[in-house]
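Below is one structure, written out as structure tokens, with a few remarks after it.
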Amino acid sequence: TSTFTLVTKTEAVGLQDVSILDTLPPGWGYVAGSSIITLPNGTTISGATADPGVAGQNLTWSNFPVGPLDMNANETLTITFQGITTSIPATKVFV
């Protein structure tokens with residue numbers, strides 16, 4: 001397993017109805033219940049309620065447990081989650 005961290009920052013302009021999309025590399029899957037969302041106000045959400053929608057390699061956080069998420073100017077949203085390899089690496093034989 002590996003830890004992935006996504007950081008979304010606003011600058012001079014805020015955002016409404018924020019949605020975060022991440023695409024896992026081929027051969028990786030999401031570990032259910034592993035997300036920790038740190039909202040702009042410092043509140044954290046974790047466990048199954050913080051899980052993204054999963055469609056193949058795409059992970060989407062769009063329906064945050066607090067409802068649609070709006071971010072004001074100069075705010076940061078951080079999502080940390082675990083990914084796990086889903087394929088067996090090829091075996092190399094050295095002679």
Those residues of region 60-79 that are open to solvent by less than 40 Å² (accessible area, probe 1.4 Å) and not hydrophobic (A, V, I, L, M, F, W, C) come to a total of 2
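Every residue, every condition in (1) closer than 15 Å to V66 by Cα; (2) among the acidic types (D, E); (3) in contact (Cβ under 8 Å) with a residue 12 or more places away in the chain, yes or no:
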residue: T3; (1), (2), (3): no, no, yes
residue: K9; (1), (2), (3): no, no, yes
residue: G14; (1), (2), (3): no, no, yes
residue: D22; (1), (2), (3): no, yes, yes
residue: V31; (1), (2), (3): no, no, yes
residue: S34; (1), (2), (3): no, no, yes
residue: T38; (1), (2), (3): yes, no, yes
Quick one: is I84 surrounded by fewer than 16 Cβ atoms within 10 Å (Cβ to Cβ), of a type in the set (V, I, T), in a strand (DSSP E or B) and in contact (Cβ under 8 Å) with a residue 40 or more places away in the chain? yes
For region 20-57, how many residues meet the condition of being open to solvent by 60 Å² or more (accessible area, probe 1.4 Å) and either under 17 Å from T1 (Cα atoms) or of a type in the set (S, T, N, Q) (or both)? 10
Yes/no for S2 being surrounded by fewer than 16 Cβ atoms within 10 Å (Cβ to Cβ) and over 23 Å from E75 (Cα atoms): yes
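The values are calculated or read from the model by the stated rules, or taken from the named source; none is laboratory data. Computed from a predicted model, the values in this text were never measured in an experiment. Heads up, the Cβs are rebuilt from the backbone with ideal geometry, glycines too, and the neighbour counts pull from every protein chain shown. Heads up: the accessible areas ignore ligands, DNA and RNA and are worked out on the full protein's heavy atoms, side chains in. Shrake-Rupley method; radii C 1.70, N 1.55, O 1.52, S 1.80 Å.
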